[in-house]
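Here the structure comes first, spelled out in structure tokens, and everything after it is commentary.
The values are calculated or read from the model by the stated rules, or taken from the named source; none is laboratory data. Everything numeric here is computed off the predicted structure, so don't read it as measured data. Note: ideal-geometry Cβ built from the backbone for every residue, glycine included; neighbour counts use all protein chains shown.
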Amino acid sequence: MNKLVFGLTVALMVMAGCKKDSVGSDNPVTTPVPAAVFNSNLAYGTVTDVDGNVYKTIIIGTQTWMAENLRATKYKDGTAIPKVTSVTEWKNLSAGAYCAYNNTTRIDSIAVYGYLYNWYAVNTGKLAPAGWHVPSKTEWETLIVYLGGIDVAGGKMKEVAFLHWETPNADATNVSGFTGLPAGERYLGVFGHIGFDGCFWSTTIEGTTTAWGRNISNILGSSFQDGENRTNGWSVRCIKD
């Protein structure tokens, strides 16, 4: 995550009391997680993963994207993806794994936010449904250019209002239909930033231990990219072959 944005996000989390963190918990008195709000002016398609999960899809320019975060527990060949809940085990992984935010088992939370995956799961080439793939850095950049560039693309990608995003959810219009959500992340095994940040993997290597990702934030209308540790738990959006 961009370090300036990280600092601003932490400050806002303190002011907001981190209230969205409870969304992903197993607390039985927590308010049910509302469904995502898609752009009702656009026509969505669907795709089904190996687990039978059905996702909305949207055509944006020359690309077709998932309009929801991946929540598969198996690779497309049917092999189970290891589910890792331990902080220590997660931060030391060098193979594919997934988890739910705060290790929740709540169906409503998982249905909205999807799962978080490390980059090693992405790198298998088997994470996306058949006929789809996890986007490269270049494919993310194609989307950003189509939406008008880095400075404005984030707002066009974000779900509107405050059902899931903390205020101010800057410039959010979801005119693209992408319906980006703030599913947070898992960094060094620790969960954070749900309600504040949406972090998405690409397949592209950035350094010896990092890979490129794409970010959207509640405090910015832009969409930025960063080289991030491959052990991070981030959301995955898939693009059609």
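Would you pick out the residues in region 59-95 that are under 30 Å from VAL145 (Cβ atoms) and either assigned to a loop (DSSP other than H, G, I, E, B) or within 16 Å of the chain's Cα centre (by Cα) (or both)?
Answer for region 59-95, where residues must be under 30 Å from VAL145 (Cβ atoms) and either assigned to a loop (DSSP other than H, G, I, E, B) or within 16 Å of the chain's Cα centre (by Cα) (or both): GLY61, THR62, TRP65, MET66, ALA67, GLU68, ASN69, LEU70, ARG71, ALA72, LYS76.
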Completion exercise
Filtering region 17-44 down to residues that are of a type in the set (Gly, Ala, Ser), modelled with pLDDT of 95 or more and loosely packed, with under 11 Cβ neighbours inside 10 Å yields SER40, ALA43
Practice task
Name, by its number, the condition in (1) surrounded by fewer than 15 Cβ atoms within 10 Å (Cβ to Cβ); (2) touching an Asp or Glu at 6+ places or on another chain (Cβ under 7 Å); (3) not hydroxyl-bearing (Ser, Thr, Tyr) that does not hold for GLY61.
Solution key: (2)
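Does LEU116 fit the bill of being touching a Cys at 6+ places or on another chain (Cβ under 6 Å) and surrounded by 17 or more Cβ atoms within 10 Å (Cβ to Cβ)?
yes
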Practice task
Report the residue count in region 195-239 for those that are in a loop (DSSP other than H, G, I, E, B) and more than 23 Å from VAL87 (Cα to Cα).
Solution key: 9
Exercise for the section: Name the one entry in ILE239, ILE216, ILE194 that is surrounded by fewer than 23 Cβ atoms within 10 Å (Cβ to Cβ) and modelled with pLDDT of 95 or more. Expected result: ILE239
Exercise for the section: Test ASP171 against the stated conditions and say whether it is outside any loop (DSSP other than H, G, I, E, B), acidic (Asp, Glu), surrounded by fewer than 19 Cβ atoms within 10 Å (Cβ to Cβ) and in contact (Cβ under 8 Å) with a residue 12 or more places away in the chain. Expected result: no
